[in-house]
1. Report P(r) for the stretch A:307-431: all Cα-Cα distances, bin width 5 Å, range 0 to the bin holding the largest distance, values in whole percent.
2. What residues qualify as long-range amide H neighbours of A:D724, i.e. H under 5 Å apart, gap of 5 or more or another chain, H built at 1.01 Å from N?
3. May I ask you to evaluate 6.51 cos²θ - 1.76 cosθ + 1.60, the Karplus curve with θ = phi - 60°, for each residue of the stretch A:474-480 and list the ³J(HN,Hα) values in order in whole Hz, giving x for glycine and proline?
4. Along the Cα→Cβ direction, 7 angstrom out, place labels at A:W673 and A:T262. What is the inter-label distance in nm?
5. Calculate the tail of P(r) for the stretch A:219-370: the fraction of all Cα-Cα distances greater than 28 Å, expressed in %.
6. What are the equivalent ellipsoid semi-axes of the stretch A:668-717, built from the alpha-carbon gyration tensor (square roots of five times its eigenvalues), in whole angstrom, biggest first?
7. So if each residue of separation counts as 0.36 nm, and I subtract the Cα-Cα distance between A:R316 and A:T477, what length gain in nm does that give?
8. Using 0.36 nm per residue of separation minus the Cα-Cα distance, give me the extension gain between A:D99 and A:E588 in nm, one decimal.
Amino acid sequence: MPSSRTIRALNVAEKPSVAKSVAGILSQNQGLRVREGRSRFNKIYEFNYAIQGQPCQMLVTSVTGHLMELEFDERYKKWYSCDPADLYHAPVRKHVPEDKVDIKRTLQEEARKCHWLILWLDCDREGENIAFEVVQVCTEGNHQLNIWRARFSALTDREIHEAVQNLVRPNQLFADAVDVRQEIDLRIGASFTRFQTMLLRDAFNFDFTSDNKSLVLSYGPCQFPTLGFVVERYWEIQSHEPEEFWTINCSHNSDEGTASFTWIRGHMFDYTCAVIIYEMCVQEPNATVTKVKQQEKLKYPPYPLNTIELEKRASRYFRMSSEHTMKVAEELYQSGFISYPRTETDCFSDRTDLRAIVEEQQQHPTWGSYAQRLLDPGAGLWRNPSSGGHDDKAHPPIHPTKFSAGASGWSQDHHKLYELVVRHFLACVSQPAVGAETTVEIDIAGELFSASGRVIILKNYLDVYRFETWGGLMLPTYVFGQQFIPTTLTLDSGVTRPPPLLSESDLLSCMDKAGIGTDATMHDHIKKLLDRFYATKDANTRFSPTNLGEALVMAYDDMGYELWKPFLRSMMEGDMKAVGMGTKQKGEVLAACLQQMKACFLDARLNKIKLFEAMDLFFERFSRSGIEEQQTVADVVRQCGVCQQSDMVLKRRPDGNFMVGCLGFPQCRNVVWLPGSISEAAVTTNICSSCSPGPVFMIQFKFRRLEIPSNYNVDHLGCIGGCDETLKQLIDICGTGSRNLSILPARGPGSTTPSGNIPAGNARHGSVCGNCRQTGHSSNDCPQASQSGRARLRGMNAQSGESSIACNSCGASCVLRTANTANNKGRRFYSCQLQECNFFMWEDAINHSAGVLSGGRANAGGSASSSTRRGGRGQTHRSSSRGADMASVLATGDPQSGRRCFSCGDPSHFANACPNRGI
DNA sequence: GCAAGGTC
């Protein structure tokens, strides 16, 4: 029994699993009692222990992450309750949300009975912040608590015992750093989200959803840069100008097989040079082996698995989304099959018993025998895992924690993910694969070509890590000085290709590199892009921006802000570090950041026309004619006091503004103009008590929040009979004329854009400028050509033209563009607008040789060979091939060249002997 | 209804 001097200590961990581990380690499972708390997930463990010789009765329980949330005061919570700009200074408070109230009550009840509070939160900034949330809640129950912090970096016996024997005080600075982040995220996120949602949702017909009203156009310091990565790559692809190149390829057949030699010069962009060199090779085709190099190559196993790698590999190997991967991993963790799945750590601690983990897997029917070989010292397969250099000091790399040959209730994805975790772990503790690589270099007429092949000598970890392969191309045997005549020698052309769309794995890498999100939240940010209709993911897990996503990024880019770039987050990360170190004050960082962001917000609001312009490129404005018709039918406000014959009715004008006019128009011109800031107006059955002659029916108005001062309500029941001061004031302030938006370029009939993504300068786009994407001019006379970063990016290499032809390859439309590269400046070409199609054709190629695509000059010597330029993404692009079987060339001469000089056309010599040769 | 961060 505890003595009267025994200290009762309440221990709180960040999650139930840690509470259980800490209790198990400290009690050594002796005298450990478990009871329920008010929250069914967070149990309470009790046992006796001694800290620094002091007997303690230990109570160990947990929270589940943050206990509190930051929110605005009640008055600012409703979207229309305030100007979004007010959210930069509106009061905020931390509160315990409904689903955490049970945990709060448990903590307070237990704290009342305790002397000490020991905080076992994860040892990172968020953990420190949660620690202070726990302190706040517990001290509300007991002001006398002595508060301690246990610092540990792994759930091992030594770490936990050391932590409890060396308790310290919690670090307020770390917690402050997180407070800063939370407040900035909330204020920026809420203000921009409310602003752009309220501004755009009612103005445009977003054709991808039938529920326009509930659409939320969110902004967040993580989600927008993530969208930025997707859009930036998409623009890079759009602005890519295919460039034609030439290369010489050589093959040689022997009894042992075929060797393919590639030209050491690689791609040559100057056709004449390539032809001259090719001519030299054709004239002296004898190949001499100048180098044979054989060396051993090692392919190392991957580093131990952390969250981001798990997500990337599951996406690559199984095409599982990162969000789904984390859901499945969480379930495997909850049921005890794998370790904690949210970890940055990619190195194992020296204290981890790696062999014990392997031993468990020996019984598996598929990889069990590999695990047995690993443990057999005679096999020499074991290798201590290398370190990836990251350690979050809280969790080990993801590894199997319990053997399973497939539990009941597992889906295919549970099987796949568990298999990945096990095989990855077994690979990490295995020897690298060993290969023999052979490189052969040959010389033909002074030009060098090379071929390489590799055979695997020892597969080692590749035996178990079936997700990776290592090329096993065999080369025939060659010896130094050997000579042979190539079987084929061809001059091949190709075109440069744009990079592919970002895959989920690429996107995670971009985010990781730029510090966007954490290992536990990155998949949420990616999913948010899909949920918000900002991006789509295709079957190959590649992301494209939607029209909405592209328009939003385009608008902010045109405003000149880099809100869609990762810099804001990086800057915040720097500031948070400074707060954590104590070199900057919490208040000072908050004030400075919010001041900057508010200025940016106000400026963005002034420039809202950019948002409308960008949206206008892709979406239709809501038609107001229907509303007008409906409202002119029945909405009588009063009898006309001028003609005294007709009724005055509420009308919506074609420009969207409201008026109350006499139905006797045009004979009677009595009219009451209404403020220009009204978004909705409806005549009610309420009758004004002061205006006469009556009845004058009152009108329910809704004003646009952003167009009236913040001290006016957006909802107003008003009267047009002359008694309504509010209405008069708003007419004074807002006027009754055209709103800003009516100065936008009108969208003529037929300019409706389809719902799919439209590349810059698309011929289908009609009169949209390829540079700035506005209407009314072409890219050649674009006034913004040098102003916009995006315009610069898009117009970097080529300018869009208006002319288009049908694509010879896929049938879609090609647009005529002008090259701007050194070699082909001013030369015009057609390129297909269909993203998947890479068709490209010089305009002069059509003129020179009808029916021959892109090889006009290549085939000038009379070649009959030609083919289209189309090829799948990522394939080697080889199209027109001007080549010949060398044996036949040597026997009969070159039928394709007519044995004349390619350089000057003189039949008396070949190009290598051409007197004009000056390359 | 808005962010991002914990975690169940």
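The values are calculated or read from the model by the stated rules, or taken from the named source; none is laboratory data. Note that the coordinates shown come from a computational prediction; the quantities given were computed from them, not determined experimentally. Ideal geometry is used to build each Cβ from the backbone, glycine not excepted, and the neighbour counts take in all protein chains shown. All accessible areas refer to the heavy atoms of the entire protein, side chains included, with ligands and DNA or RNA removed. Shrake-Rupley method; radii C 1.70, N 1.55, O 1.52, S 1.80 Å.
1. 2, 11, 22, 23, 21, 14, 6, 1, 0
2. When sequence neighbours closer than 5 places are left aside, the close amide H contacts are A:C719.
3. Working through the residues one at a time gives 8, 10, x, 7, 10, 10, 4 Hz.
4. Those two pseudo-labels are separated by 7.1 nm.
5. In whole percent, the long-distance tail amounts to 58.
6. Its equivalent ellipsoid spans semi-axes of 23, 14, 9 Å.
7. Full extension of this stretch gives 54.4 nm more.
8. Working: separation 489, 0.36 × 489 = 176.04 nm, distance 3.34 nm.
Working it through step by step, the gained length comes to 172.7 nm.
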